1. Find the relative contact order for the chain and round it to a whole percent, using C-alpha pairs within less than 8 Å whose residues are 6+ positions apart.
2. Given a 1.4 Å probe and every protein chain left where it sits, what share in percent of the accessible area of region 54-169 is carbon and sulfur?
3. Taking only C-alpha pairs under 8 Å that are 6+ residues apart, what is the relative contact order of region 1-138 in percent?
4. Give me the percent of accessible area attributable to carbon and sulfur for region 250-296, probe 1.4 angstrom.
5. How big is the accessible area of E42 in square angstrom, nearest 10, if you roll a 1.4 angstrom probe over the protein chains?
6. Under the classification rounded if a/c is under 1.5, otherwise prolate if a/b is larger than b/c and oblate if not, where does region 97-205 fall, given a ≥ b ≥ c as square roots of the Cα gyration tensor eigenvalues?
7. Once both labels are modelled 7 Å past Cα along the beta-carbon direction, what's the S166-L149 spacing in nm?
8. For a test of the definition: using alpha carbon positions, the gyration tensor, and the 1.5 limit on a/c, classify region 131-290 as rounded, prolate or oblate.
Amino acid sequence: MWVVEPARIRWFALPPEGELRALVQALRDAAEGMREVVRDSEPARVLFEAVGRPALVALRKQRRAIVVPDGPLYEINFETLVPRDGRPRYWIEDVTLSVAPSLALMASAGSRNRARADSLLLIGDPAVARQEFPRLPAVEREIERISRLFPPATREVVTGTAARPSAYASLRPGRFTLVHFAAHATASAENPLDSAIILAPEGENWKLYARQVIGVPLAARLVTLSACRGAGSRVYAGEGLVGFAWAFLQAGARNVIAGLWDVHDDSTAVLMERLYANLASGQAPADALRNAKLSLLAAGNAWSKPYYWAAFLLYTRGEFF
């Protein structure tokens, strides 16, 4: 592991890949199994000692970092690691973490520009395409409450039969600073760019593919995939995670929020409502997502388990604004 600071670069030896893979799988099983990871997952503590502890010296001032994972480490949310010192807690309570799919994407980030006021393109709650993709009951509420945060002149909301795959490009998404999808999604392990968001049918087609997304230029500071299996499904050396997060970043988005595992409809709607309320109040995407997660974590009910909040990661080109 290399820890890159403004003035220096240090490196630390990680455990062998086989050990890391076993720890990662155990942590994923615990999170997806709806366990209270902070109390009953030793792998979360071992992984913190291997990955989090060496970075603490660098993080003491900034309390924020961008993680560029490799191999099996792509498959976990580092926010769910558990420090051994002090009270039982997740690492998200101490730091703000984002993920960069590759160093190449970070190097191409370009200059920062926040001159434009926020505007929203929201596509979701599509007409049902097939029985295996039923309507998501909480999505209607999610769309309504997010839309309310933006004046009518600054938002475009596309739902029902209008939420077709061809609608995305025709709406010229490059005009918007925020793009939000609220729908089912599928991931293809064999051909990651065949991963798709499930939208309303138009003829025999109801999928917006990752390979299509790459060809539509974006200038958004954030694209959010409020969907199952959005982040991607395969790791390639040099280019990192391939799938929708990668596709939207390649198209020009500055940050992308996507999910590592299937998510719960009701809790996701609440998380997304709080995320966009934080964005509307002026918070940067990384902070807005972290604070939305912390609000679920602090509730002290079932939704405080990582299953409900830790699926979503912020993938970045290296910018926190």
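The values are calculated or read from the model by the stated rules, or taken from the named source; none is laboratory data. None of these values were measured; they are calculated from a predicted model. Cβ: placed from backbone, ideal geometry, glycine included. Neighbour counts: every protein chain shown. We work out accessible area using only protein heavy atoms, side chains counted, and drop any ligands, DNA or RNA first. Shrake-Rupley method; radii C 1.70, N 1.55, O 1.52, S 1.80 Å.
1. Averaging sequence separation for qualifying contacts and normalising by length gives 18 percent for the chain.
2. The nonpolar share, carbon plus sulfur, comes to 50 percent.
3. The value is 19 percent.
4. Values: 480 of 1200 Å².
After summing per-atom areas, the C and S share lands at 40 percent.
5. That residue has around 90 Å² of solvent-accessible surface.
6. Note, shape of region 97-205 comes out oblate.
7. Once both label points are built, they end up 3.2 nm from each other.
8. Taking the square roots of the gyration eigenvalues as a ≥ b ≥ c, region 131-290 is rounded.
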